[in-house]
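Q: What follows is a single structure, and I will ask about it in a moment.
The values are calculated or read from the model by the stated rules, or taken from the named source; none is laboratory data. Model, not experiment: these values are computed from the prediction. Cβ atoms come from the backbone with ideal geometry, glycine included; neighbour counts cover every protein chain shown. Remember, those area values only see protein heavy atoms, side chains included, never the ligands or the DNA or RNA. Shrake-Rupley method; radii C 1.70, N 1.55, O 1.52, S 1.80 Å.
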Amino acid sequence: HEACALRLNRLHKTPDTSGYSPPTTPPRLLGFFDLVYYELKLADTAANQRFTGRNNLQILANLHILDESGVPYHIRIPLIPEITDTEKNLSGLLDILAGLRNKPLRVDPLPYNILAGGKYDSYGMAYPLQNASAENNQDNIVRFKAELRKRNINLSLIPISEPTRRTPISYAVF
């Protein structure tokens, strides 16, 4: 175990997480990471329950644990048309970001991945968003990005003007 830990100390370690874990997990693990990609989807607890099957209270609590830990992090926001790219949701996410003591290094609004449904087929499940629009609400996103800039929060350079067939690569596993 010690040899493995020494090897890992020479690698940059960046997990990509939804933040859904018991509250005891982040404090135990955060010290092992150099950067964290933290995904936020929905600000509203009822909406999160509706679309994911779970409320977001633990996700938000773990975000505050991460924020207080001192480990650098990026917030990643998948922009799902008519679900996460609504004015109400983006405004709620801004409120969440405003409640953090430390700012994330960057906020990454991620374009909708129209190939996401392929995972469902492989598990024999129906994709609940198969009839969703592939185009994001650009007005809401423009306002969201402008508000982030006003708050001096760095944005990624990922274009969101068109639907994409692949999402950016977060990390590589060797």
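Q: Mind checking whether some residue in the range 122-138 is charged (D, E, K, R) and either at pLDDT 85 or above or in a loop (DSSP other than H, G, I, E, B) (or both)?
A: So in the range 122-138, the residues charged (D, E, K, R) come out as 135.
Filter once more, keeping what is either at pLDDT 85 or above or in a loop (DSSP other than H, G, I, E, B) (or both): 135.
Yes, the range 122-138 has at least one match.
Q: Collect the residues in the range 75-99 that are touching a residue at least 60 places away in the same chain (Cβ under 8 Å) and open to solvent by less than 10 Å² (accessible area, probe 1.4 Å), keeping them in residue-number order.
A: Scanning the range 75-99 gives a single hit, Leu79.
Q: Could I ask something else about it? Of the residues in the range 58-94, how many are assigned to a loop (DSSP other than H, G, I, E, B) and either within 27 Å of Thr24 (Cβ to Cβ) or of a type in the set (S, T, N, Q) (or both)?
A: Restricting attention to the range 58-94, the residues satisfying the condition of being assigned to a loop (DSSP other than H, G, I, E, B) are 70-72, 79-86.
Next, from what is left, pick out any that are either within 27 Å of Thr24 (Cβ to Cβ) or of a type in the set (S, T, N, Q) (or both): 70-72, 84, 86.
Residues that pass the stated criteria total 5.
Q: Among residues belonging to the range 5-31 that are outside any loop (DSSP other than H, G, I, E, B) and at pLDDT below 85, point out the one that is least open to solvent (accessible area, probe 1.4 Å). Break it down into steps so the answer makes sense when it comes.
A: Start the filter on the range 5-31 by keeping residues that are outside any loop (DSSP other than H, G, I, E, B), which leaves 5-9, 16-17, 25-31.
The next check asks that each one be at pLDDT below 85; those that pass are 5-9.
Numbers: Ala5: 49, Leu6: 96, Arg7: 177, Leu8: 78, Asn9: 112 Å².
Residue satisfying both the conditions and the ranking: Ala5.
Q: What number of residues within the range 100-121 satisfy the criterion of being surrounded by 15 or more Cβ atoms within 10 Å (Cβ to Cβ) and touching a residue at least 60 places away in the same chain (Cβ under 8 Å)?
A: Counting residues in the range 100-121 that are surrounded by 15 or more Cβ atoms within 10 Å (Cβ to Cβ) and touching a residue at least 60 places away in the same chain (Cβ under 8 Å) gives 2.
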